[in-house]
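Undergrad: Dumping the structure here so I can ask a few things about it.
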Amino acid sequence: MQSDPYAANRLMAARAMRKLRPDDKQDYDYIAPLSLRARTIDALVARWAKEKPAALDRHGPRLLIDEKGRVDKQAVRRMRAKRDDRPMYLAE
């Protein structure tokens with residue numbers, strides 16, 4: 001998420017993250033420099049990894065979270081491998 005080249009995608013991911021974890025007060029700035037975004041995401045992932053799985057009430061392949069509350073890293077890698085990251089320019 002933090003390295004996505006499109007700010008709009010990072011915004012949507014941040015909104016989904018807030019919806020999934022509404023009590024988490026860590027602010028993620030989707031337009032911040034990559035180094036700051038990476039530190040924020042790393043801190044969130046580390047904190048979530050320490051929590052008991054019961055803290056997550058939603059999981060499944062659509063969320064890329066397994067029943068133990070962990071990110072399904074294999075699914076993320078598969079999706080990224082299929083992604084087309086060519087630059088896209090829209091005339092407005």
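The values are calculated or read from the model by the stated rules, or taken from the named source; none is laboratory data. From a predicted model like this one, the values you see are computed outputs, not experimental measurements. FYI the Cβ positions are ideal-geometry reconstructions off the backbone, even for glycines, and counts take in every protein chain you see.
Undergrad: How many of the residues making up region 8-21 are under 21 Å from ASP85 (Cβ atoms) and exposed (fewer than 15 other Cβ atoms within 10 Å of the Cβ)?
TA: Residues in region 8-21 being under 21 Å from ASP85 (Cβ atoms) and exposed (fewer than 15 other Cβ atoms within 10 Å of the Cβ): 5 in total.
Undergrad: Also, quick follow-up: Can you tell me which residue within region 22-47, out of those that are surrounded by 11 or more Cβ atoms within 10 Å (Cβ to Cβ) and modelled with pLDDT under 75, is nearest to SER3 (Cα to Cα)?
TA: Checked region 22-47; the qualifying residue nearest to SER3 (Cα to Cα) is GLN26.
Undergrad: Let me ask something additional. In region 50-65, what count of residues is obtained for those that are at pLDDT below 75 and touching a strand residue (DSSP E or B) at 6+ places or on another chain (Cβ under 9 Å)?
TA: So the answer is 3.
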